[in-house]
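Notes follow once the structure below has been shown.
Computed from the coordinates by the stated procedures, all read-outs in this text should not be read as laboratory data. Quick caveat: nothing in here was measured; it's all calculated off a predicted structure. Methodologically, a virtual Cβ is constructed for each residue, glycine included, from the backbone with ideal geometry; neighbour enumeration extends over all protein chains shown.
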Amino acid sequence: MHPTHLAKVREWATKELLHTANPQEMEILLQEKVRCLAPADQRALVRQLLHLGGLDEGTKHPELQLAESHLGPLSAKAEDPFRALAHSLHLTARQLAALTALDLRRCKLLPKSGQLLERCMQCLEQQQPLPPESGTWPEVQEVLEAVVRAVPLHVELHELSNLGEPRVFSPKVSQNRKAKRVEDMRVKLMYLPASKSLHAAAQKTAPQERRIAQNANLHTVRSVQPAW
């Protein structure tokens, strides 16, 4: 980046943002600015914002540090719900989304219009990458409710501003399914409301029998919808 251009980006970040008291107005300004910047300029803007916030590049955000003091080590990178869960299941986010989509169709359920789950399903149909954003608190809950209907998984969703009992998402246990088989995989997630980001807690590897069952499910998904 040309030094003069870099100086302009830094000057904009310093003057415009520091004089914007309204957080929503600041978010709009940032979104508009980022859309107009080349990738190199976007990185320069991030570095300047970190500098203004008293953080060095690579330093964890204070909100994430606070969350880790309550829940233990969390993924440093914010993720969408499918990616946050897929690590523990030895699946890709796209495979997990495909399992979820198949179950929604089988149950004849429709995602809420315009929300994250619907956008993810549309990306699958259009063979596009899944949306990378974590989503809002209600959007995260809708995705998790759909996932546990499709995969035998227990999810504890914690929220930093309310550290009481977590929201628990569990599959319904049928009479012919042993509870032990359903309970052998649990995932903990932390939602940070200020940054609207979702982070997965450190997880143990999935048992071998669970991986075998997942592979069988994935074979079914690929046979129904190869494009996924």
- Flagged links, alpha-carbon separation over 27 Å, of LYS112/LYS172; LYS172/LYS196; LYS108/LYS196: LYS172/LYS196; LYS108/LYS196
- Task: Find out how many positive minus negative residues lie around LEU109, taking Lys and Arg as positive, Asp and Glu as negative, among other residues whose Cβ is under 15 Å from that of LEU109.
- Result: +2
